[in-house]
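Have a look at the structure below before the remarks.
The values are calculated or read from the model by the stated rules, or taken from the named source; none is laboratory data. Since the structure is predicted, the reported quantities are computational estimates derived from the model, not experimental observations. When we count neighbours, we look across all protein chains shown, and the Cβ atoms used for this are built from the backbone with ideal geometry, even at glycine. Calculation scope for accessible area: heavy atoms of the full protein, side chains included, ligands and nucleic acids excluded. Shrake-Rupley method; radii C 1.70, N 1.55, O 1.52, S 1.80 Å.
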Amino acid sequence: MRPARFHSWNVTPQEASAIQSTLSDKVETCPLPGKIQLVAGADVSFDTGSNMVYAAVTVLRFPELTLVERRSAAETITFPYIPGLLAFREGPPILHAFQQLHNIPDVFMFDGHGLAHPRRFGLASHLGVLFDLPSIGVAKRVLVGSFDQMKKEQGNYSSLIEKGEEVGLALQTKDNVNPVYVSIGHKSDLPTSREFVLACTAQYRVPEPTRQAHLAVNALRTGAEIDLDVGGDQTTLFE
DNA sequence: GCGACAG
DNA sequence: ATCTTGTCGC
């Protein structure tokens, strides 16, 4: 069965919003797979001067978090940044990098929200549905909702609530840092996503899949060749 | 009308 | 996101 029917990305903000409302009921909530061996992370970087967008997708082996594959895309910016419509700006380049993957991940982590979105269909949900892969949104700032403050101790978390609905979690990935905001993308749920995000966190606030993608995309933007496919394992490359 | 507002 | 040095705090 092919649930991921594609739509045009060449739309107006009004049409983009309508697409989100329509596709939002494609999102499925369920626990993450019991056996996860590959995790992917994606990130995008911009060059306002040259009007270029750069995307990088990394695939890490889990739970080791060693790099397995890395793919990229560089194209022209086609959509403005509008809060709530991030997928229409970052989706295309991430999709193009994703399509080059030889190793299909079991779970995909995105830099942005999933259900913690005004129409419950943020970037993580959008791409999760299009790729038809379990996905999780891990954002660094809130878009919608509020949460009760908590002690900044690793592992602590607090519900992100909007309109009486729990749309995600504020999660402490490390001690004494700001929390990251975790929400369901597609085929995932809050309890298993919370544990998984913590399991993907190494030495920094941002979990490794998206952190590695962030490092890669910045290297890409400054001219580096980052595509890579490791048959066996490999540690990092930058740092 | 006013403020908020993923990256 | 991006432009950017030093600096306060653990």
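Points worth noting:
- Using a Gaussian network model of chain A in which every pair of alpha carbons under 10 angstrom is joined by a spring, one finds that among A:LEU127, A:LEU32, A:LEU215 the greatest mean-square fluctuation is at A:LEU215.
- GNM on chain A, alpha-carbon springs under 10 angstrom: the most fluctuating residue among A:GLY34, A:GLY155, A:GLY137 is A:GLY34.
- For region A:20-65, the calculated P(r) over all alpha carbon pairs, in 10 Å bins from 0 to the bin holding the longest distance, is 19, 25, 36, 19, 2 percent.
- Charge tally around A:VAL197: other residues with Cβ under 13 Å, Lys/Arg +1 each, Asp/Glu -1 each, net +1.
- Per residue solvent-accessible surface (Å²) - chain A, probe of 1.4 Å: 44
- For region A:86-139, the convex hull spanned by the alpha carbon atoms encloses 68 Å³ per residue.
- Charge dipole magnitude, Cβ of K and R +1, D and E -1 - region A:30-229, Cα centre, debye nearest 20: 340
- Here the accessible area of chain A is 50 percent carbon and sulfur, with a 1.4 angstrom probe and all protein chains present.
- GNM top mover of A:ALA97, A:ALA202, A:ALA56 - chain A, alpha-carbon springs below 10 Å: A:ALA202
- 32 Å Cα-Cα threshold exceeded, pairs from A:LYS35/A:LYS163; A:LYS35/A:LYS174; A:LYS35/A:LYS140: A:LYS35/A:LYS163
- Spherically averaged projected area in nm², based on the convex hull that wraps the Cα atoms of region A:30-229: 10.5
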